[in-house]
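Working notes, structure below.
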Amino acid sequence: MVRQRMVRRLQQDGLRDERVLQALAGVFRHEFVDSALAIQAYEDTSLPIGHGQTISKPSVVGRMIAMLMGGATAAQQSGLGRVMEIGTGCGYQAAVLAAMARHVVSIERLKPLHDKAKLNLAAAARANIRLIYGDGRLGFAGAAPFDSIIAAAGGEDLPQAWLDQLAPGGRLVAPMVTPGGRGQVLVVVDHRQEAGVSRFVRSEYEAVLFVPLKSGVM
Ligand code: SAH
């Protein structure tokens, strides 16, 4: 079956985390794209989802979720715990996250995509996903703190709200524009807390290409 083949390829290319591979194998990616693109749904490529946005490559979705699994809160010992995703898009990544999370709050700033994701995810019948129409730069204080925060759009800074809403021990993974402004890299931030004092430890990984993180809603 094409989904299994996609997952085997990702595994051969170095994605080792069994739980992430299983979650990817469990989501029908073709149900999240236009029917004209469905035949490409199990290739490792990003695809247009309308409104100038794209669904990320499965290898990048897998890589980022595997990175998130390195978080250290109690809830993250058995999965991703409470997750916030910024950039719902078509809802594909939210569905993969939901398979590994206690619950997922996913925020989208474009109303038509928020509505599309609602339909897509109703079909996928994931009960532990809450979709929010809003500016993800503000996070979602009403459901904070989060064990895991993942962004599908890259900005020049990390919004303070994301750090404020990250639980002690929690981990954030996001694409970020490099200081020179010439590209994006994946950034991991760990919230360490010692004697009640918070420290945010940041590391940078490989270059990536995501749509820009924008402000406000449309
Ligand atoms: N995870 C998505 C990828 C969508 S692309 C999927 O599986 O389909 C990234 C999305 O981030 C776009 O839909 C874009 O509109 C959205 N985005 C950009 N800036 C945002 C912000 N400030 N708040 C919420 N969503 C944002």
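A compact table of results
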| quantity | calculated |
| --- | --- |
| Residue identified as open to solvent by 60 Å² or more (accessible area, probe 1.4 Å) and more than 16 Å from the ligand (Cβ to nearest atom) among VAL217, VAL197, VAL201, VAL188 | VAL197 |
| Top-ranked residue of region 115-136 - restricted to ones that are within 10 Å of the ligand (Cβ to nearest atom) and more than 15 Å from the chain's Cα centre (by Cα), ranked as most open to solvent (accessible area, probe 1.4 Å) | TYR133 |
| Hey, ALA122 aliphatic (A, V, I, L, M) and over 24 Å from MET67 (Cβ atoms) or not | yes |
| Count - residues of region 138-155 that are outside any strand (DSSP E or B) and either modelled with pLDDT under 95 or touching a Leu at 6+ places or on another chain (Cβ under 7 Å) (or both) | 2 |
| Residues of region 204-214 satisfying the condition of being part of a loop (DSSP other than H, G, I, E, B) and either open to solvent by less than 80 Å² (accessible area, probe 1.4 Å) or closer than 20 Å to GLY71 by Cβ (or both) | PHE210, VAL211, LEU213 |
| Condition check for ALA161: closer than 15 Å to MET84 by Cα and in contact (Cβ under 8 Å) with a residue 40 or more places away in the chain | no |
| Enumeration of residues in region 170-183 that are open to solvent by less than 20 Å² (accessible area, probe 1.4 Å) and either away from the ligand (no atom under 12 Å from the Cβ) or under 14 Å from GLY81 (Cβ atoms) (or both) | GLY170, LEU172, VAL173, MET176 |
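The values are calculated or read from the model by the stated rules, or taken from the named source; none is laboratory data. Keep in mind that what you see is a predicted model, and the values were worked out from it rather than measured. Cβ coordinates were reconstructed from backbone atoms using ideal geometry, including for glycine residues, and neighbour counts include every protein chain displayed. When the accessible area is computed, the model is the full protein with side chains, heavy atoms only, and any ligands, DNA or RNA have been set aside. Shrake-Rupley method; radii C 1.70, N 1.55, O 1.52, S 1.80 Å.
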